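Participant: Take a look at this one; I'll ask things after.
The values are calculated or read from the model by the stated rules, or taken from the named source; none is laboratory data. The structure displayed is predicted, hence computed values, not measured ones. We place every Cβ from the backbone using ideal geometry, glycine too, and count neighbours over all the protein chains shown.
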Amino acid sequence: MRVRGLLAILLPLSTLVVASDAAASVNPHVVSVQVPRTLIAGIPVARITLGVTASAHQLPPLVTSPPLATTWREIGPHQFAAMTTGSLTPGSTLTVYAPTAISCSNSVCRFTSTRAMSIEVPLNVTWLQSLLAVTQYLPVSFTSTSGAAPTSPSVTGTFTWRFPLLPLSVHSLWIPGVNNVLIKGALMSFQNEHAMRPSGIADSATVAALVDMVTAGKVSARTWNYVDVGERRPQRATLFVDGVQKMSTLANTGVAGATTDLGTYPVYIHIKFQWMTGQNLDGSHYRDPVNWISYFNGGDALHEFYRYSYGWPQSLGCVEMPHSAAQAMWPYTPIGTLVTVHA
């Protein structure tokens with residue numbers, strides 16, 4: 001059965017956004033400014049060329065949102081770079097109020113106009129994976145080379161499987177440095193466990209919370225769970241808990257015309273009961289009471305549904321199970337749990 005209707009590309013670091021005042025040829029106090037699209041440590045937040053003689057200590061601070069500590073350094077005649085002196089938050093977006101005009105008097109300068117520009121602070125995916133591994137939101141572990149906790153991207157180390165006997169469908173998802181559904185599910189699980197919106201996106205708040213958890217030496221209170229759904233007859237849904245098969249049950253996937261999509265997806269809704277409504281393939285409508293529900297892909301969900309038999313396609317896209325089996329599996333499929341459907 002199915003209810004109908006139910007992460008950032010980093011641009012090249014060398015790409016620059018150039019802002020200049022149209023009156024540059026006539027205004028001696030114009031500022032020509034360059035702001036990078038992406039920002040990493042050691043790269044200036046802004047580079048400016050002034051139309052007036054000034055020194056670095058005369059320039060007012062560069063304004064950003066959220067605030068980022070910077071200092072001006074002279075890099076050439078009338079040219080200055082705003083270098084970061086504070087820490088960057090990976091995965092965040094920084095708004096820079098880039099100066100476009102300047103006025104100086106009595107050895108004091110002020111920016112008389114600015115232009116808001118956005119900078120992406122790229123996320124080090126390998127570091128994100130190490131944070132999720134150390135806190136046990138992934139089926140792999142992380143051991144740092146130095147023995148220090150990976151509270152910054154500078155901490156390097158190695159990953160090893162915590163549960164080497166998991167199906168190949170899980171092993172094939174693990175690629176160090178690659179952000180995919182395995183990482184998304186782990187992030188959703190972390191966010192849900194910490195009362196955050198389970199977006200599966202490593203925003204600045206999520207990364208900061210993960211670092212705090214690593215710093216405190218805490219790990220997830222949950223087991224690492226996974227559901228494997230095979231469409232070969234007899235169709236089965238198999239639950240793995242911390243790498244060990246917990247249970248396996250006959251199940252039904254979607255019929256022709258309403259098949260269950262193949263692939264791996266994270267559970268995003270986890271509820272005990274719902275009246276499921278929709279339209280059958282013959283155009284008629286249904287409204288059925290359904291228990292033990294875990295939505296994982298659009299309107300496709302794991303849930304109980306009474307049938308005379310199980311193990312072959314009968315649903316409208318969902319993975320149907322006997323009531324007792326669905327009830328037993330449901331506690332192990334919270335938000336972020338990965339579900340793989342394969343032929």
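Participant: Could you grab me the full set of residues in segment 263-303 that are surrounded by fewer than 14 Cβ atoms within 10 Å (Cβ to Cβ), not acidic (Asp, Glu) and not in a strand (DSSP E or B)?
Facilitator: Listed by number, the residues that qualify are Asn280, Leu281, Gly283, Ser284.
Participant: Sticking with this structure for a sec: Tally up the residues in segment 148-175 that are closer than 20 Å to Pro266 by Cα and among the β-branched types (Val, Ile, Thr), please.
Facilitator: 2
Participant: Given Leu250, Leu302, Leu281, Leu316, which one is outside the structural domain of Leu187 (by TED's automatic domain parsing) and closer than 24 Å to Met188 by Cα?
Facilitator: On the way: Leu250 fails: closer than 24 Å to Met188 by Cα; Leu281 fails: closer than 24 Å to Met188 by Cα; Leu316 fails: closer than 24 Å to Met188 by Cα.
When all the criteria are applied, what remains is Leu302.
Participant: Please specify each residue of segment 236-261 satisfying the condition of being within 23 Å of Gly298 (Cβ to Cβ) and assigned to a strand (DSSP E or B).
Facilitator: Taking segment 236-261 and keeping what is within 23 Å of Gly298 (Cβ to Cβ), we get 236-239, 249, 251-261.
Scanning segment 236-261 gives Arg236, Ala237, Thr238, Leu239, Thr249, Asn252, Gly254.
Participant: Take segment 318-332 and flag every residue that is part of a loop (DSSP other than H, G, I, E, B) and crowded, with 24+ Cβ neighbours inside 10 Å.
Facilitator: Start the filter on segment 318-332 by keeping residues that are part of a loop (DSSP other than H, G, I, E, B), which leaves 318, 322.
Passing the criteria: only Cys318.
Participant: Quick one: in segment 90-121, of everything that is farther than 18 Å from Trp72 by Cβ and among the aliphatic types (A, V, I, L, M), which residue is surrounded by the fewest Cβ atoms within 10 Å (Cβ to Cβ)?
Facilitator: Ala116
Participant: Next question, about the same structure. Hey, among Asp228, Asp203, which residue is within 30 Å of Ser92 (Cα to Cα) and of a type in the set (D, E, K, R)?
Facilitator: Working: Asp228 fails: within 30 Å of Ser92 (Cα to Cα).
Just a single option satisfies the conditions, and that option is Asp203.
Participant: For segment 188-208, which residues satisfy the criterion of being farther than 15 Å from Tyr268 by Cα, crowded, with 18+ Cβ neighbours inside 10 Å and small (Gly, Ala, Ser)?
Facilitator: Residue satisfying the conditions is Ala202 alone.
Participant: I would also like to ask the following. Output the residue which, of all residues in segment 157-168 that are surrounded by 12 or more Cβ atoms within 10 Å (Cβ to Cβ) and over 21 Å from the mean Cα position of the chain (by Cα), is nearest to Gln136 (Cα to Cα).
Facilitator: Arg162
Participant: Another one. Restricting attention to segment 166-189, does a residue exist that is in contact with a strand residue (DSSP E or B) (Cβ under 6 Å, 6 or more places away or on another chain) and of a type in the set (Ser, Thr, Tyr)?
Facilitator: Yes.
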